[in-house]
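Chemist: Mind looking over this structure? Questions follow.
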Amino acid sequence: MNFMASKQPENSLLGPEADSQRTLYPYVTGTSVVALKYKDGILMAADMGGSYGSTLRYKSVERIKPIGKHSLLGASGEISDFQEILRYLDELILYDNMWDDGNSLGPKEVHNYLTRVMYNRRNKFNPLWNSLVLGGVKNGQKYLGTVSMIGVNFEDNHVATGFGNHLARPILRQEWHENLSYEDGVRLLEKCMRVLLYRDRSAINKLQIAKITEEGTTISQPYSLKTYWEFSAFANPAQGAVGTW
Amino acid sequence: MFRNQYDTDVTTWSPAGRLFQVEYAMEAVKQGSAAIGLRSKTHVVLGCVNKANSELSSHQKKIFKVDDHIGVAIAGLTADGRVLSRYMRNECINYNFTYESPLPVGRLVVQLADKAQVCTQRSWKRPYGVGLLVAGLDESGAHLYYNCPSGNYFEYQAFAIGSRSQAAKTYLERRFENFTDSSRDDLVKDAITAIRETLQGETLKSSICTIAVVGVGEPFHILDQGTVQQIIDTFEIAAEQEGPAAEPDAATGQDTAVEQGAAADQGGSTDEGVAPMDI
């Protein structure tokens, strides 16, 4: 029969030597990143887990990195693609610094550069399998944006990736306001991260919170959130719904 | 400069360490009609003399908008200038597309200079025969640069290029210390006055000069003829009454700007450090 022959046209549509060179699925992945604007700049949080499918394989993955003088990049999704993006950005910042002319790429410029990269890779059917959060401050202007693996990008006062969109954003929509203090911002982020810890299977209880202001970047040392498992509903989860776990 | 055996190729050095073809290219700039630029902390003004070939023809375009925050005035081979303006516009658009941010003037100027340098080091090319006065705004303020056919570039507070530009330069040299804090309108008036200097007696009309402005909150644009003529009229009236611009004079009382001009003239003419050059 002609089953083998019918494979040929599909491959050629997708490019030469197609399948071996396109990203088809991610392998080692990070879960949500959550970020918000506060009075002095941006706060961003992410846990340090790198999952290999359903195994919580790596537990010290730094998923938030500073970029240049003015930006922070947080990533969820394929960790190796995040490392590749960091290499691109390293080169970008290097060339920017080599001009040595007092100009520097701010968070808005980096965000747009990343959007172009992500979208162009998507168009070649070889995406960088990440959802990125880019935040920063330049000349007093705060900036917070996100780019997805298909190139969807936008800015907002608070953003999140993955599960964070479903669990953290609703909390932020209720409780975020302009000019949060640093303590309030951290408290709000921790609230979001705690919910994610309870409800996201790929979350681990080891996170970093990063802060960027006009003065510079700080990424905290890893720490854990206090959790409470003695809710009565956890004690007998099947009470209201037989067969659940 | 006279013809010699080292001036055929741009890739031939003279024994004195000169590249004559590059120097000849700079001569082409000196033959073009004048262009001037001056800047304050927040604005940059470009002006040029537009001579039409005949009354029947239109004049050549010598000022180009490169982006909302950058414009350029050229002197020399205008065709070369047009090509370089297109290159500059392209660079600005590409940068804006990738970074959604305006290209810093300083970087554009360096790219332009590097492009010009290439033509001084290839046997199959010739240097661009045009000098460019690049006016632009970026994060660090207002800038005015001059790009040479040699591939050099310099930043200026005020500058003039092209034929009879020395007269304008002399005028600008007397005044430049005041430019940083000048208002936009005073800057435009100084630009028009500088252009008038290059005309050496010929009547200044808005049909033979073009003025363009870029500043904080003001994208680069060329002033329309009506506006320019109005400004010319305000000081042509005063000029008739007070004589050549260098003479100190009692204020005519008509125009505060004219009074400012007269006051500045007094300051300029009593400055004994700078002598007007005769060339």
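Chemist: What about B:VAL10, is it farther than 25 Å from B:ALA167 by Cα, outside any strand (DSSP E or B) and in contact with a helix residue (DSSP H, G or I) (Cβ under 6 Å, 6 or more places away or on another chain)?
Modeler: Details: farther than 25 Å from B:ALA167 by Cα: yes; outside any strand (DSSP E or B): yes; in contact with a helix residue (DSSP H, G or I) (Cβ under 6 Å, 6 or more places away or on another chain): yes.
So B:VAL10 fits the description; yes.
Chemist: Tell me the strands (runs of 3 or more DSSP E) entirely within region A:138-177 that contain at least 3 residues that are surrounded by fewer than 22 Cβ atoms within 10 Å (Cβ to Cβ).
Modeler: On the way: elements: A:141-147, A:153-155, A:158-160.
The strands (runs of 3 or more DSSP E) meeting that bar are A:153-155.
Chemist: When region B:149-184 is examined, which residues are found to be open to solvent by 50 Å² or more (accessible area, probe 1.4 Å) and in contact with a helix residue (DSSP H, G or I) (Cβ under 7 Å, 6 or more places away or on another chain)?
Modeler: If the condition is that a residue be open to solvent by 50 Å² or more (accessible area, probe 1.4 Å) and in contact with a helix residue (DSSP H, G or I) (Cβ under 7 Å, 6 or more places away or on another chain), then B:ASN152, B:TYR153, B:ARG164, B:ARG174, B:ASN178 are the ones that fit.
Chemist: For residues that are in a strand (DSSP E or B) and among the hydrophobic types (A, V, I, L, M, F, W, C), scanning just region A:126-137, find the one that is nearest to A:GLN83 (Cα to Cα).
Modeler: Looking only at region A:126-137, we keep the residues that are in a strand (DSSP E or B), and these are A:130-137.
Imposing the further condition that a residue be among the hydrophobic types (A, V, I, L, M, F, W, C) reduces the set to A:132-134, A:137.
Details: A:LEU132: 12, A:VAL133: 14, A:LEU134: 15, A:VAL137: 23 Å.
Result: A:LEU132.
Chemist: In addition: Restricting attention to region A:78-88, does a residue exist that is more than 14 Å from the chain's Cα centre (by Cα) and within 11 Å of another protein chain (Cβ to nearest Cβ)?
Modeler: Just the residues of region A:78-88 that are more than 14 Å from the chain's Cα centre (by Cα), to begin with: A:84, A:87-88.
Then drop every residue that is not within 11 Å of another protein chain (Cβ to nearest Cβ), which leaves none.
Scanning region A:78-88 turns up no residue that is more than 14 Å from the chain's Cα centre (by Cα) and within 11 Å of another protein chain (Cβ to nearest Cβ).
Chemist: Just name the residue that is farthest from A:ASP96 (Cα to Cα) out of those in region A:44-68 that are in contact with a helix residue (DSSP H, G or I) (Cβ under 9 Å, 6 or more places away or on another chain) and not in a strand (DSSP E or B). Steps first, answer last, please.
Modeler: Restricting attention to region A:44-68, the residues satisfying the condition of being in contact with a helix residue (DSSP H, G or I) (Cβ under 9 Å, 6 or more places away or on another chain) are A:44-47, A:50, A:58, A:61, A:63, A:65, A:67-68.
Still in the running and not in a strand (DSSP E or B): A:61, A:63, A:68.
Values: A:VAL61: 28, A:ARG63: 24, A:GLY68: 9 Å.
Taking the candidates together, the pick is A:VAL61.
Chemist: Same structure again: Please return the ranges of strands (runs of 3 or more DSSP E) entirely within region B:60-148 where 1 or more residues are surrounded by 16 or more Cβ atoms within 10 Å (Cβ to Cβ), within 14 Å of chain A (Cβ to nearest Cβ) and free of Cβ contacts under 8 Å to residues at least 60 places away in the same chain. Lay out the reasoning, then the answer.
Modeler: Numbers: elements: B:63-67, B:70-76, B:130-138, B:141-147.
In region B:60-148, B:141-147 are the strands (runs of 3 or more DSSP E) which contain 1 or more residues that are surrounded by 16 or more Cβ atoms within 10 Å (Cβ to Cβ), within 14 Å of chain A (Cβ to nearest Cβ) and free of Cβ contacts under 8 Å to residues at least 60 places away in the same chain.
Chemist: Are any residues in region A:70-107 touching a Ser or Thr at 6+ places or on another chain (Cβ under 6 Å) and open to solvent by 60 Å² or more (accessible area, probe 1.4 Å), and if so, which ones?
Modeler: Residue satisfying the conditions is A:GLY102 alone.
The values are calculated or read from the model by the stated rules, or taken from the named source; none is laboratory data. Since the structure is predicted, the reported quantities are computational estimates derived from the model, not experimental observations. Note: ideal-geometry Cβ built from the backbone for every residue, glycine included; neighbour counts use all protein chains shown. Areas reflect the complete protein model, heavy atoms only, side chains present, ligands, DNA and RNA absent. Shrake-Rupley method; radii C 1.70, N 1.55, O 1.52, S 1.80 Å.
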